[in-house]
Amino acid sequence: MLYHLCFRSFLRSRAALRSCALWANSSRQIVGLYTLSDDDVYACREFPDAIAFSAYPVDVHEAGNQGQNDASRRFASHAEENRHYWGKIRSLPYRCLVNAQVGNLLTVGRCTSVSYRAQGAFRTAPIVGAIGHAGGLAAALSAKAGIAPRDLDPNLLRETLRADGAYLLD
């Protein structure tokens, strides 16, 4: 019964926007106060303002002639080549969520400030959920304090995330 009610409510609906490709794993990204690079991910760099962590291998789907140089092969999506990266912890700094141009804008999800390949380690649902949690709390804390997100103390954000049950390495 519920199926029929839901289905009927969408009979006259139309898609307002659609992806130019099916299963798009990558999308446009903002330029944040910091852009997480391929080297950051490869070196498993730790950041003092880290708000999300990933132990996933870099999952990229190269097209055409991409993936032909050494750096791309290092991040190949093939299981055999990615074996080295499983379980290694990578961190995403809060600065990747803070827009460099617009003072009152935080961005979460696939469009955070990361390189194409770095996104491959941070675009999975559990990690995007953690990024969204941090972004939402940062917006609330900034609004409550009457400050721009870029002026928010990352330590306060991390303490609040931890108190809210977020998994942070320390």
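No lab work stands behind these numbers, since they all come straight from the coordinates. In this text, all values refer to a predicted model and were calculated from it rather than measured experimentally. Cβ coordinates were reconstructed from backbone atoms using ideal geometry, including for glycine residues, and neighbour counts include every protein chain displayed.
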- Message: At a 10 angstrom cut-off on C-beta neighbours, averaged per residue, how do the peptides 29-40, 142-153 rank from highest to lowest?
- Response: 29-40, 142-153
- Item | For region 33-38, 3J(HN,Hα) per residue [Karplus equation, 6.51 cos²θ - 1.76 cosθ + 1.60, θ = phi - 60°, Hz, x = Gly/Pro] | 5, 9, 10, 5, 9, 4
- Item | Amide H within-cut-off set for residue 114, under 5 Å, with H built and near neighbours excluded | 36
